[in-house]
Each structure stands twice: as structure tokens, then as C-alpha cells.
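Student: This structure is in C-alpha cells; I'll ask about it shortly.
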Amino acid sequence: MGISERHKIILNKLKEHKKVNVQDLSDELSVSEVTIRKDLRLLEDKNLLFRTHGGATLSNPYTSDRPVSEKAKVQAKEKGVIAKEAVKLIGDNDSIILGSGTTVAALAEEIYPTNRINVITSSLDVSLTLSGRDNIEITQLGGHLRPSANSVVGPYAEQFLNNIICGILFFGVDGVDLEYGLTTTNLMEASLNQKFIDVTQYTVVLADHTKFGRRGFGRICNIDQVQHIITDEKTSTSVIRDLESKGIRVTVAK
């Protein structure tokens, strides 16, 4: 079977099923997975599909920057159960960093410590949520305001982090791709998240099932630079297995 015939079959399957899997195509077309990946790369170069982890899709996997008020309405139930699971990781006298995003904001809603904790955050929403609660010392980072996220980014925020070390970082992402890594829609936010990771001993990503196989504009880090991902029940078992094979702890919130 020639390359043009393979490409025709792949595109027909995409048209019918909206997505294809590398292993399935390899078995059906009797060629190696390496060959199929090359085929998908060539078809992507022609703007005929979008490659994803383990396959390809007709839907654009790249995320766009949307207002936080709009994001909060999407997968709200999943974000809630992820938040309830994440709060269990916060111990007495912890120093934690809370990034921006609606899932992190949901986590802030769950934080009612019985002993004092220190919270550093780039999110205005998080600071307002935690303000006035007992046993929480809040440090709000300063810098350039991102109205779409109600958070700050930029060199002033990053410079402050040069003088600290924290126990746990909780942050959300716009995309989780096993090959490309963790991404967000904003380059300055990606840079700040990189700095968060550098000054934290344990990194926890809060990501619902819609974030996997997607890519944002700004790359944060490789997938193996985080220790723990908390997601929901709709995340596929194959994705969870692949993450765990890289040594990442995965918790499925229920």
C-alpha cells in the first residue's frame, strides 16, 4: 500500500470518526507506528488534521484565552470534585502557592485550615476568597494584571519568588500533552508558572478531562517536571496509565 492510499484511508476515517489512533491505524494498515506518526505529521503540515497524543483529530486541540467568568461555567462539577481532593494535601503550617485559574479558585473555596498556613498567590480571586478566613496568611503577588484571568504576571511577580521556597504548588493549565508538556494560553503566565515550579518542593496540577491532548500557546514545562496530577473520572484510563508510566502520581477525584 502506497503513502497516498494510506493518507486517503486516514482522512476518511477522520471524517467518519472525528479522531484516529496510531496503534489502531498501524494494525489496520499493517505498517509500523513510526510510519503512521510520519503520515500524521505530513497531513498536519498540509493543515488536514491536528496531531494529538497517540493519534490525530479534526478538532483544533489548541486552546484560546477566554475570560475567567466564562471558564468558571465549564466543567464546574469536575472542578469542584478536583478541588475537594486537592485540599486534602494541605497540612498544618504548610506554605503553599496557588496559581490562577478556575480550578484553583475552586480549591480556594475549600480551604479552611485549623492551623496557620501561608498562601502565596497570583490570583486576585483567590486572595479575595481567602481574605478574612482564620489561620491564613496571604501574600498577593504584584505585577501586570491579566483582566481575562483576574491574576498578575510579569517580572515583579517573578522577582518576589527569588526569596522564597514553598512546600506545595497548586496550579491549573490549559493543556496537558504527554509529548509537548504543560501549556497555558499566555506566555507571561507560562513564565510565572515556570518560576512557581522552581521554588516549590512538590507540584500539583489540577486538570479536568478536557485539558488532556490539548496545547496552549505558552509552554510551561515538560510533563515529568510535575509530581502529581489530580483529575476527574472522565479522564481516559490510557492517559492515566501513560502519566503513571512517567512516574507521575495521578489521583482521580470522585
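The values are calculated or read from the model by the stated rules, or taken from the named source; none is laboratory data. Values in this document were obtained by computation on a predicted structure and should not be read as measured data. For neighbour counting, all protein chains shown are included, and Cβ atoms are generated from backbone atoms with ideal geometry for every residue, glycine included.
Student: Which helices (runs of 4 or more DSSP H) sit wholly inside the stretch 21-95 and have at least 1 residues that are at pLDDT 85 or above and not basic (Lys, Arg)?
Tutor: In the stretch 21-95, the matching helices (runs of 4 or more DSSP H) lie at 22-29, 33-45, 76-86.
Student: Starting from residues that are in a loop (DSSP other than H, G, I, E, B) and under 17 Å from the mean Cα position of the chain (by Cα), keep the ones in the stretch 96-136 and report whichever is surrounded by the most Cβ atoms within 10 Å (Cβ to Cβ).
Tutor: Result: SER122.
Student: Another question, if that's okay. Restricting to the stretch 212-234, name every residue that is crowded, with 23+ Cβ neighbours inside 10 Å and without any contact (Cβ under 8 Å) to a residue 60 or more places away in the chain.
Tutor: Answer for the stretch 212-234, where residues must be crowded, with 23+ Cβ neighbours inside 10 Å and without any contact (Cβ under 8 Å) to a residue 60 or more places away in the chain: ILE220, VAL226, ILE229.
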